[in-house]
Amino acid sequence: MSRFINKKYSDLTAYTPGEQPLGVKYIKLNTNESPYPPSPSVLVSIGYGELSDLRLYSDPDCRGLRRALGEFYSVEADGVFVSNGSDDILNFAFMAFSEKGVVFPDITYGFYEVYAKLHGAKYEKKPLCDDFSIKTEDYLDQNGKLIVIANPNAPTGIFKELCEIEKILVANPDSVVLVDEAYIDFGGESALKLLGKYKNLLVVRTYSKSRSLAGARLGFAFADKEIISDLNKMKFSTNPYSINRMTLIAGEAALKDREYYEGNAKKIIETRAFVTEKLRAMGFEVIESRANFVLAGHGKISGSDFAEEMKKRGILIRHFSGERLEKYNRITIGTRAEMEAFLFAAEKIIG
Ligand SMILES: *Cc1c(COP(=O)(O)O)cnc(C)c1O
């Protein structure tokens, strides 16, 4: 840290992303990427013409992509926001809506706390229940605070039923309720269907997980058009060209291959059931997941030791610090072959 940094940032602890190894070939089950490539339409969407056009700025309003997303999800284009990854959207939401404070679970996506601190917001972390579920009662009566819920939650994978999300929306008409649906395509039910009913709902999605485009950086969100216009105010005050031309093209192309991505999600769901069953048979506690990962722990070994042993065997998984997560690791669901290699290694480590 230099002596020049603004004092308000000197105590800030940045988010620590999962390891992205260079060179050495690992089976990569640590950052919830898709094990499958982007769809055929995406792969052919960028040619020499599109590359030549890189001399031009991208469309700051992202009209083509927003229209396509609107059609795909049956919402009006002015209720769609897009930016450089959903992290970017979360950042704008914290920037815009956190004045009265923020509430989110104590065990959830680590970036929420980072953004709360970055924007100087008062925040409160509500402890998860003993079974790691989110307690609805903790989120009623929040009086205008930004409420942030990942659904399914990370790193637990637990899905909160929509009727519970609806209770939170009804109880907090003066709060923006942000539902982070990064993993919704792996088995949950989207809050999108509540959109017309609640003006305080903000649904955030990403192309990074189910659409195999983590490296393209593309996130999108749905809300009432007033909320979308607030997010645009933040974006246009930060970086209007936050999505590059290639990503805009890839994002639109991906929407043409609905069946391909639904097929991949189905494979992940099947593999998740297979991995859950095999791990449980080995004595692991595995939390029932609706995401493309499972949270699993074994009484015989600490989570960090288990992750280290896996790494020695060429497999990356993710351990998170925190007392209640001590024995657990978050394991991304890869291909069936990758997961068989993982299970083989797990058996060696435990045995
Ligand atoms: C992966 C993830 C994100 C970030 O997604 P990007 O679109 O790649 O920025 C957001 N929220 C949760 C809960 C995630 O797990």
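The values are calculated or read from the model by the stated rules, or taken from the named source; none is laboratory data. Please read these numbers as outputs of a predicted model, since none were measured by experiment. Cβ: placed from backbone, ideal geometry, glycine included. Neighbour counts: every protein chain shown. For accessibility, only protein heavy atoms count, side chains too; no ligands or nucleic acids. Shrake-Rupley method; radii C 1.70, N 1.55, O 1.52, S 1.80 Å.
Scan the stretch 217-228 residue by residue and report those that are open to solvent by 60 Å² or more (accessible area, probe 1.4 Å) and in a helix (DSSP H, G or I). Correct list: K225, E226. When the stretch 55-71 is filtered for residues that are open to solvent by 40 Å² or more (accessible area, probe 1.4 Å) and touching a helix residue (DSSP H, G or I) at 6+ places or on another chain (Cβ under 6 Å), the ones remaining, listed by number, are R66, R67.
Just wondering, is there one or more residues in the stretch 178-201 that are open to solvent by less than 10 Å² (accessible area, probe 1.4 Å), assigned to a loop (DSSP other than H, G, I, E, B) and either more than 10 Å from the ligand (Cβ to nearest atom) or of a type outside the set (G, A, S) (or both)? Yes, the stretch 178-201 contains at least one residue that is open to solvent by less than 10 Å² (accessible area, probe 1.4 Å), assigned to a loop (DSSP other than H, G, I, E, B) and either more than 10 Å from the ligand (Cβ to nearest atom) or of a type outside the set (G, A, S) (or both). Does A265 count as among the aliphatic types (A, V, I, L, M) and open to solvent by 80 Å² or more (accessible area, probe 1.4 Å)? No: the conditions fail for A265. Any residue in the stretch 46-63 that is outside any strand (DSSP E or B), basic (K, R), more than 27 Å from F186 (Cβ to Cβ) and more than 16 Å from the ligand (Cβ to nearest atom)? Yes: the stretch 46-63 contains one or more residues that are outside any strand (DSSP E or B), basic (K, R), more than 27 Å from F186 (Cβ to Cβ) and more than 16 Å from the ligand (Cβ to nearest atom). Could you list, in sequence order, all residues of the stretch 92-109 that are open to solvent by 40 Å² or more (accessible area, probe 1.4 Å) and either among the aromatic types (F, W, Y) or within 16 Å of the ligand (Cβ to nearest atom) (or both)? Selection gives M95, D106, Y109.
If you scan the stretch 77-91, which residues turn out to be within 12 Å of the ligand (Cβ to nearest atom) and not charged (D, E, K, R)? Steps first, answer last, please.
Initial filter on the stretch 77-91 (within 12 Å of the ligand (Cβ to nearest atom)): 82-91.
Of everything in the stretch 77-91, those that are within 12 Å of the ligand (Cβ to nearest atom) and not charged (D, E, K, R) turn out to be V82, S83, N84, G85, S86, I89, L90, N91.
In the condition set (1) crowded, with 16+ Cβ neighbours inside 10 Å; (2) touching a Ser or Thr at 6+ places or on another chain (Cβ under 6 Å), K167 is compliant with all but (1).
One residue is enough: does the stretch 273-290 have a residue meeting the conditions within 22 Å of the chain's Cα centre (by Cα), closer than 20 Å to S86 by Cβ and open to solvent by less than 50 Å² (accessible area, probe 1.4 Å)? Looking through the stretch 273-290, at least one residue is within 22 Å of the chain's Cα centre (by Cα), closer than 20 Å to S86 by Cβ and open to solvent by less than 50 Å² (accessible area, probe 1.4 Å). The one condition from (1) surrounded by 17 or more Cβ atoms within 10 Å (Cβ to Cβ); (2) under 22 Å from the mean Cα position of the chain (by Cα); (3) not aromatic (F, W, Y) that G322 does not meet is (1).
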